[in-house]
Structure formats: structure tokens, C-alpha cells
Ligand code: 3PY
Ligand code: MG
């Protein structure tokens with residue numbers, strides 16, 4: 001399958017969501033609503049590998065690019081996420097150049113890395129009619145590596161992390177970053193926002209693609225003007241906000 005956002009993020013801002021619970025139907029709703037990408041969150045979320053595989057299928061049916069946030073930067077998590085057919089991985093807590101190199105190594109096949117190789121997997125079409133060389137080249141080209149920068153250490157090491165090749169998006173996680181800076185639960189704090197802007201500027205200057213998590217689109221507009229091309233919200237936050245508004249509107253009707 002072709003990755004529909006890999007090239008798009010070089011040109012224009014794209015929009016996606018994290019989903020941390022089991023529902024292929026929700027994946028279809030997000031896809032049919034026209035979002036660019038969806039990230040199945042197995043760091044904070046709880047879906048099983050079998051469920052994630054079906055969620056990847058639902059994403060393919062509804063023409064949205066599926067990525068998986070792995071629980072941590074480990075070979076087995078990255079390998080499984082890609083072998084079930086995710087078009088990319090989000091890797092949390094990338095703090096150093098070595099962390100970034102490790103994520104790339106496990107996400108790419110030889111010669112760009114050392115991703116475990118099998119031709120019997122879903123991502124290789126179960127080996128049916130497979131041209132092995134083409135599969136390796138296509139996987140290495142289409143698979144996106146997204147690294148999460150979400151600590152003070154990551155920000156301090158950003159110049160070195162930026163030197164690592166084959167990272168498609170440098171994604172800033174404001175919630176963990178705020179905590180790391182001592183502003184627990186307050187990603188809107190001036191110092192956190194300044195650090196995020198500074199990081200985005202560095203990433204853009206290095207010719208790379210910055211991404212950021214947002215809880216609403218008001219926050220996104222400033223980031224887009226700085227050059228962010230990969231914006232992600234959360235399914236839970238969007239749904240809970242919509243349901244609360246629905247209830248408020250109803251209250252308004254019956255008290256009029
Ligand atoms: C954070 O804000 O910490 C995130 O990881 C967002 O995805
Ligand atoms: Mg985080």
C-alpha cells in the first residue's frame with residue numbers, strides 16, 4: 001500500500017488523531033471524515049496486536065494512513081507494528097541521537113537498518129506473488145519513522161537528533177515536555193510554548209518536518225504558521241468535547 005502522507009507532509013499541513021482504544025469502527029469514522037492519518041496508541045492505550053491488525057485493515061478500507069505508537073523504543077514492538085501493516089511508527093521518549101538511531105535501525109531493512117525480515121507477514125502480502133527486492137525497497141521508502149521529543153533532555157540534544165537520517169517527522173509531545181520542565185499539566189505555560197517554538201524553528205531550519213500534538217485547533221494555527229506539517233489531536237478529547245457540547249446545547253434547549 002502506498003503511504004498517502006509521506007510526500008504530502010513535505011508540501012502542506014496534515015491532520016491526524018491518536019486513538020488509544022479498541023474500535024475498528026472508530027477508525028473508519030475518522031477515515032471517512034477525511035483525516036490524513038491515525039495513530040494507534042499502544043503506549044497509553046490498550047489494544048491487543050490482533051485488534052491493531054484489524055484497525056490497520058479498517059484504516060486501509062477508509063483510506064487513512066495508519067501508524068502505531070509503540071510502547072517503547074524496542075525491536076519487538078517496532079517489528080510487530082510494521083509487520084501487521086502499519087505505514088509507520090511513533091516512538092516515544094527519544095532523548096538522544098542513539099535513541100533516534102535505534103528507532104530507525106529497527107524500522108528500516110538493510111541497507112538502511114536491521115528490521116527483522118520475514119516474507120510471510122501481512123505487510124509482505126503473506127509472500128503471495130512477492131518480488132522480494134521490490135518489497136524491501138517499497139517498505140524502506142514508504143515506512144515513516146516519527147520520533148517523539150518530549151523531555152528537556154531531548155530538547156538539549158535536538159541538534160544531534162536532527163543529524164540522524166531517515167526520520168520523517170520530529171514530533172513534539174507537549175504534555176510530557178511540560179512535566180519534564182516542571183510545569184505538570186500545563187503545556188500552555190510560556191516557557192513550554194517558547195521551547196516548542198524554538199524546537200520547531202530548529203527542525204524547519206534543518207530542512208526536516210516538525211509535528212506537534214494539539215488538544216484543539218486554535219493551538220494548531222500558530223504552529224502551522226511556524227512550519228509544522230503534521231498535527232495530531234486525540235480521538236478521546238475530540239469525542240468528549242463533542243459530547244459535552246451536545247449535552248450543553250440540549251440543556252440550552254430545555255431551559256429556554
Ligand atoms: C505528549 O504530549 O506527551 C504526547 O506524547 C503527545 O502525543
Ligand atoms: Mg508523551
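Can you tell which of 202, 136 is away from ligand 1 (no atom under 13 Å from the Cβ), farther than 28 Å from residue 237 by Cβ, without any contact (Cβ under 8 Å) to a residue 60 or more places away in the chain and not in a loop (DSSP other than H, G, I, E, B)?
136
Might you check whether a residue that is closer than 16 Å to residue 98 by Cα and within 16 Å of ligand 1 (Cβ to nearest atom) occurs anywhere in segment 109-131? Before you say what the answer is, go through the steps one by one.
Of all residues in segment 109-131, those closer than 16 Å to residue 98 by Cα come to 112-114.
Pick out the ones that are also within 16 Å of ligand 1 (Cβ to nearest atom) and you get none.
No, segment 109-131 has no match at all.
Scan segment 94-114 and tell me whether some residue there is within 16 Å of ligand 2 (Cβ to nearest atom) and either without any contact (Cβ under 8 Å) to a residue 12 or more places away in the chain or surrounded by fewer than 16 Cβ atoms within 10 Å (Cβ to Cβ) (or both).
No, segment 94-114 has no match at all.
Output the number of the condition that residue 47 fails; it satisfies all remaining conditions of (1) surrounded by 17 or more Cβ atoms within 10 Å (Cβ to Cβ); (2) closer than 23 Å to residue 209 by Cβ.
Tallying (1) surrounded by 17 or more Cβ atoms within 10 Å (Cβ to Cβ); (2) closer than 23 Å to residue 209 by Cβ, residue 47 fails exactly one: (2).
Which residues, counting only those in segment 76-87, are away from ligand 2 (no atom under 16 Å from the Cβ), on the phi < 0 side of the Ramachandran plot and buried (at least 16 other Cβ atoms within 10 Å of the Cβ)?
Those that are away from ligand 2 (no atom under 16 Å from the Cβ), on the phi < 0 side of the Ramachandran plot and buried (at least 16 other Cβ atoms within 10 Å of the Cβ): 78, 79, 80, 81, 82, 83, 84, 86, 87.
Filter segment 139-187 down to the residues that are under 16 Å from residue 213 (Cα atoms), surrounded by fewer than 18 Cβ atoms within 10 Å (Cβ to Cβ) and touching a residue at least 24 places away in the same chain (Cβ under 8 Å) and list them by number.
Listed by number, the list holds a single entry, 175.
Hey, which of the helices (runs of 4 or more DSSP H) in segment 1-97, taking only ones fully inside, have at least 1 residues that are more than 16 Å from ligand 1 (Cβ to nearest atom) and closer than 16 Å to residue 145 by Cβ?
8-11, 75-83
How many residues does segment 205-230 contain that are away from ligand 1 (no atom under 16 Å from the Cβ) and in a helix (DSSP H, G or I)?
So the count comes out to 7.
Values quoted throughout were computed directly from the atomic coordinates according to the rules given, and no laboratory measurement underlies them. As the structure is a prediction and not an experimental result, all values here were calculated from the model. Cβ: placed from backbone, ideal geometry, glycine included. Neighbour counts: every protein chain shown.
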